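Encoded as structure tokens, the structure appears first; notes follow it.
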Ligand SMILES: [Zn+2]
């Protein structure tokens, strides 16, 4: 049996705090609100005041550097009588809220305030334990409400990180096809095409996105949501995460705070596209046209660290066959490709 998990409602627009308050009322009269300081100030407080006549909020702020206790939050939600989980914030808040909603078995209303990665609309969650992030399947958001007025105000770096996460699909889908051929694993043509489309749209819109116009940011948000949905259709992160994500994760373990997830994915996609014999130059030019990192130094890492990450990457998920498992490489071979592609 293959289960597809899809969001019930997706709303994209401007000035949506009143809409969020209205949508919540359809589920419950008490909500656990998970947010962090800036998103709370920008949007969470507005939602609270719009809903003050008909909703009560249990508030929990996810602070930087701390690791929230998912079990404690889920039992707080249940004990407090909350009938829904509302996540207002960036990637980390959304990840935590998704995991809490799953454990508490409550509807999850996802209100992203940045467009930095495709977790805003996916059933996957990445939670840090003991300093290491791991990704697992949780729940698809019940509703996704993207307020462009807030997202467009986020630092440009976050939106460009989202683009790196989208370009990753150019390589990830090739890994999925490869894995299907090599191991006979399930391959979903529709989910693969949907994810792949996001990378193509971003390449075609690179200049528009680079110009920082609102329609560029909106394109990124729509592509991220569409990618997340492709994971819901596939029932896993397979269409969106291949060898380039393994390199990005390996790099995160070595240098946790030197770059954003999508920035690492974008640079790694140049490398893995080269391995696949795909048009790596197009990936690189797109990143450059947008103003996103396309080199190791722009990620804040040196050549040796990047080589170490690429060597470590296949060990991160040996169950997910990728081009890195097909073509094990020595340091010299990696170095040659890094130089040829201008990553180093
Ligand atoms: Zn990603």
Most to least packed among 244-251, 77-84 [average Cβ atoms within 10 Å]: 244-251, 77-84
On Cα atoms only, tilt of 280-290 relative to the major axis of the chain in degrees: 50 degrees
Estimated D of segment 53-146 in µm² per second, where Rh is the Kirkwood radius over Cα pairs and Stokes-Einstein applies at 10 °C, 1.306 mPa s: 119 µm²/s
Of 231, 140, 290, the one that fluctuates the most in a GNM where the chain has Cα springs shorter than 10 Å: 290
Global form of segment 31-73, assessed from the alpha-carbon gyration tensor, a/c cut-off 1.5: oblate
Simple spin-label estimate for residue 75 and residue 12 in nanometres, 7 Å along Cα-Cβ: 4.1 nm
Shape call, segment 196-292: gyration tensor on alpha carbons, a/c limit 1.5: rounded
Rg followed by Dmax, in Å, when the chain is reduced to its Cα trace: 19.6, 65
Kirkwood Rh in Å, taken over all unlike Cα pairs in segment 21-93: 12.5 Å
Pair-distance profile P(r), taking every C-alpha pair of segment 108-262, with 10 angstrom steps and integer %: 12, 40, 37, 10, 1
On Cα atoms only, tilt of 261-275 relative to the major axis of the chain in degrees: 30 degrees
Among 49-60, 268-279, 196-207, the order from most to least packed when residues are scored by Cβ within 10 Å on average: 268-279, 196-207, 49-60
Rounded to 10°, Cα long-axis angle of helix 331-340 versus longest principal axis of the chain: 80 degrees
Max mean-square fluctuation residue, GNM over the chain, Cα-Cα springs under 10 Å, options 283, 114, 301: 301
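Taken together, the values in this text are just the output of simple stated rules run on the coordinates, not laboratory data. Bear in mind the structure is a predicted one, so any value in this text is a computation, not a measurement. All Cβ positions, even for glycine, are placed from backbone atoms using ideal geometry, and neighbour counts span all protein chains on display.
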